[in-house]
Structures are given as structure tokens and as C-alpha cells.
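Colleague: Would you mind keeping the following structure in view while I ask a few things?
The values are calculated or read from the model by the stated rules, or taken from the named source; none is laboratory data. These figures come from a predicted structure and were not determined experimentally. Here the Cβ positions follow ideal geometry from the backbone for every residue, glycine too, while neighbour counts run over all protein chains shown.
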Amino acid sequence: MAFGTHPPRSLPARGASPGFRFTLYAFLSVALMFLDQRSGWLERARYILQGAAYPIQLAVNSPSAAWHWLQDSFETREQLRAENQRLRTRTRVVDLRLLQFEALTRENAQLRGLAAALPPVAQRWLPAEIVNVELNSLRQRVLVNRGSSNGVFRAQAVMDDRGLLGQTTHVGPWSTEVILITDPEHAVPVQIERTGLRTIAVGAGTSGSLALPYLPGNADIRRGDLLITSGLGGVFPAGYPVARVAEVHRDAVQPLAQVRATPLGQIDSDREVMLIWFGEDKTAQMQPQKAKPR
């Protein structure tokens, strides 16, 4: 090579002409449309691409999706908590109403029994709730929530659906003290229903016992006999159930029999009692009946 001369430059290769590229792309487009028309190639390609792109879309959308999921979760939890609170409140209300319904059902049944137990001489009756109880060997008394404002009067008969309980003693405006038939100071003229024999039942100082201290040893009385009010004394009309004979003891050296009876009224478990009104001829004669000295 001679000094000072330059090597020949290589000429750049000429690319395909625009017409050729257009023809090639047109041919490929027609071929793709033909394949897609015949075999759904593009649909399958789209299906594959969609499956391949899903992880990418999931990764891109994960923060936003996680945030919305947390929001929905907290909202759902709050809704569930509020709904649970409403359900608990409703359950308590339903339970309370159920208890009230059961109590009213028992009370209605009890009142129906009380009304059915009234002798024909009773004009009307009034339920009263026991608010205080005093049961000991010296005093057998209860306090009820009815008084003179309800028409209650002294020496008024008190009973439950099983039998006689006692009579009113001290009447206040809104409460009344009731002396029970088991009180040692109380005596009830009774009659043995089976034989018609009359005697007096005296309180023994316990809620489940009456004494019949005035029966002779040869009196026709036995265990299981029903004692009813005899109507004597002007306190209780005849026909009220009082007690049932529980024990009869006879001693050859004793002139009187030892008889114990169990009151029919549930003195130690009653929650409600009934105050009874009789005819005018009965109420005018009523005076508290005291036990005779033993």
C-alpha cells in the first residue's frame, strides 16, 4: 500500500424495500386470519397468554386486593358483632318473656284452681302476694300486699287452692297480717267429713301440723280422715277443707286421744293466697277465733 493512501470504505447494506415489508406483513396477517378462522388459533393463544399473565396481574393487584379484603373483613366482623349483640339482646328479651309467660301460666292455673275450690257461699275473692313470712314455734304469721284500700277487713278468711290458711288480724292501708291456722293462738272449728263429728283444730306451732286436743279417746276418727270447717263460731262457713288426719294415738289411761293433722294448704311454700268475701250475713258475724286454754 502506498503511503498516504486510504483503504476503501465498505458501503452499508441496503435493507428490504418498504414494498417488500408491506407484502410480508400482509401475507402474515392473511395467514393468521385464515388459521384463526379455521382452528381458533388466536383464541388459544389468548387463553395461554391470559394464563401466563394472571400471576403478573395478581402480583400487581395484590396490595390493592389485600387492602380491600382487610376492609371487607373488618366491616364484616363489625356487622357480625353488632348482629350478635342484637341477637343476644333479643334472646334475653325472649327468655324474660318466656319466664313471664310461664309465671303467668302457673298463676292462671293456680287462680283457676283457687276459684274452683271456693264454696258456694263465697261472693268474690282477691289474690294477694305474700311479702313477709314469720314461721316459728310462737308465731305463724304472714304479711300480704293487700289492705283496707282493697276492701280487706279484719277476720277475713284466707285460703289457697288446697284449703284454709288462716284469717286476717291486723289490716293496714296497703298490707295485712294473716294469722295462720298453725299459729298456737289460732283455733278452727272443724268437722270430720266421714262421720260429721265436730271438734276444734288448734295450731301446733309448726307449718305442717295441727292438733285436735278435745277429742275423747273413743272418738271415731282415723288416719286419712278429712277435716272441713264446721261453720260454728261465725268465722268460717261450713265446707272449707282444712286438714287431713295424720296420726291418732289412744292411751287407756288418758281420757283424750292424741290426734295430729296436716293442713291441706301449702303454708310454707305458697307465694300467693286468696282473700274471700262471703255474704253480708257472714261478714257481720266474723270475729277472730282464739284457741281455748289447754
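Colleague: Of everything in region 193-232, what is among the hydroxyl-bearing types (Ser, Thr, Tyr) and within 17 Å of ARG162 (Cβ to Cβ)? Give them in sequence order.
Modeller: Within region 193-232, the subset among the hydroxyl-bearing types (Ser, Thr, Tyr) is 195, 199, 206-207, 209, 214, 229-230.
Listed by number, the residues that qualify are SER207, SER209, THR229.
Colleague: Just give me the residues in region 138-158 being farther than 12 Å from LEU275 by Cα and either in a strand (DSSP E or B) or at pLDDT below 85 (or both), in sequence order.
Modeller: Scanning region 138-158 gives GLN140, ARG141, VAL142, LEU143.
One line per residue, one yes/no per condition, for (1) more than 12 Å from ALA128 (Cα to Cα); (2) of a type in the set (S, T, N, Q); (3) in contact with a strand residue (DSSP E or B) (Cβ under 8 Å, 6 or more places away or on another chain):
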residue	(1), (2), (3)
GLN167	yes, yes, yes
THR176	no, yes, yes
GLU185	yes, no, yes
LEU197	yes, no, yes
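Colleague: On to the next question. Name the residue that is nearest to the chain's Cα centre (by Cα), counting only residues in region 128-149 that are in contact (Cβ under 8 Å) with a residue 60 or more places away in the chain and surrounded by 17 or more Cβ atoms within 10 Å (Cβ to Cβ).
Modeller: ALA128
Colleague: Would you point out the residue of region 160-184, among those that are assigned to a loop (DSSP other than H, G, I, E, B) and surrounded by 17 or more Cβ atoms within 10 Å (Cβ to Cβ), that is modelled with the lowest pLDDT? Working first, answer last.
Modeller: Of region 160-184, the ones assigned to a loop (DSSP other than H, G, I, E, B) are 160-163, 172-175, 181-184.
Then keep just the ones that are surrounded by 17 or more Cβ atoms within 10 Å (Cβ to Cβ); that gives 160-161, 163, 175, 181-184.
Numbers: ASP160: 84, ASP161: 80, GLY163: 85, SER175: 91, ILE181: 94, THR182: 94, ASP183: 94, PRO184: 93.
Going through the qualifying residues, I end up with ASP161.
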